[in-house]
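What follows is one structure encoded as structure tokens, with my remarks underneath.
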Amino acid sequence: MKQKSKQPHPRVYRQIPMLQADPAEGLSPQETKLRQSNGLSNIMPPSNTKSEGQIIKENVLTFFNLIFLVLALCLCLVGSFKNLMFLLVAAANTVVGSFQEIRAKRAVDKLTLVAAGTAKAIRSGQRISVRTDQLVRDDIVEFAAGDQICADAVVRDGQLQVNESLLTGEADAITKKPGEGLLSGSFIVSGKCRARLDQVGADSYAARLTLCLLYTSPSPR
């Protein structure tokens, strides 16, 4: 009798309570390691978007386009060329569908770049440069003009203006003061602050918006 292969059990993470770290001290090495080992790192989920070539191919090679092509061939065989105008409608439908999907894909790809780069984290009282995918929840991060918010955060010290147009479409800069939230994917226009990361990786606003765009992007006609 064949033995069934054992399936690996999904890893169970501990529930780590939120920590209000001192903006001047940040997390200790032990606190950082505890969060990394329990799935609280700022690792963005991989993008599963199709390539632009795949999008165009799927919009062109549809069942309805096949029917239109067969009808067009039949009309050509009988010399009824004046009745081929419906091909313009089919072509327009294909072009519009491809354009909408490619535009949605590019918007998603922009958001998936949020996790790339480095940030200035405060750990054990030291200001150090850390890769954004090595940041953890509750980290104290220093943001300044020109930086992109790499995870959802709450301002703890300082004040700045942010541009959230990539996320909300709002072009005007928004002032953020202590106690107010910062959305991942937004950019710092001016000012400087230290903020505590409270939603990282797949739980961040940018990651959730990316997932929403993936499931709501137009389907091939």
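Every read-out reported here was derived from the displayed coordinates using simple, explicitly stated rules and does not represent laboratory data. Here the structure is a predicted model, which means the values were calculated and not measured. Cβ atoms come from the backbone with ideal geometry, glycine included; neighbour counts cover every protein chain shown.
Measuring r between the beta carbons of residue 24 and residue 174 and using R0 = 25 Å, the FRET efficiency lands at 0.45.
3J(HN,Hα) along segment 128-133, derived from phi through the Karplus expression 6.51 cos²θ - 1.76 cosθ + 1.60 where θ = phi - 60°, amounts to 10, 8, 10, 4, 5, 7 Hz, with x in place of Gly and Pro. Taking amide H as placed 1.01 Å from N in the peptide plane, the amide H of residue 186 sits under 5 Å from that of 149, each at least 5 places away or on another chain.
Using the Cβ-Cβ distance between residue 154 and residue 62 with R0 = 45 Å, the FRET efficiency computed as 1/(1 + (r/R0)^6) comes to roughly 0.45.
Subtracting the Cα-Cα distance of residue 16 and residue 38 from 0.36 nm times their residue separation leaves 7.1 nm of extension gain. For the listed residue pairs 105/192; 120/177; 82/105; 105/177, the alpha carbons are over 26 angstrom apart in 105/192; 82/105; 105/177. Taking θ as phi - 60° and the Karplus parameters 6.51, -1.76 and 1.60, the scalar couplings of segment 90-100 work out to 5, 5, 4, 4, 5, 5, 5, x, 5, 4, 5 Hz in sequence order, x denoting glycine and proline. Here's how it looks for residue 27: its modeled amide H is under 5 Å from those of 124, 140, which are all 5 or more places away or on a different chain. A simple spin-label model places pseudo-atoms 7 Å from Cα toward Cβ; at residue 134 and residue 107 they are separated by 3.5 nm.
Rounded to the nearest 0.05, what FRET efficiency is calculated for residue 208 and residue 95 with R0 set to 22 Å and r the Cβ-Cβ distance?
FRET efficiency, residue 208 to residue 95: 0.10.
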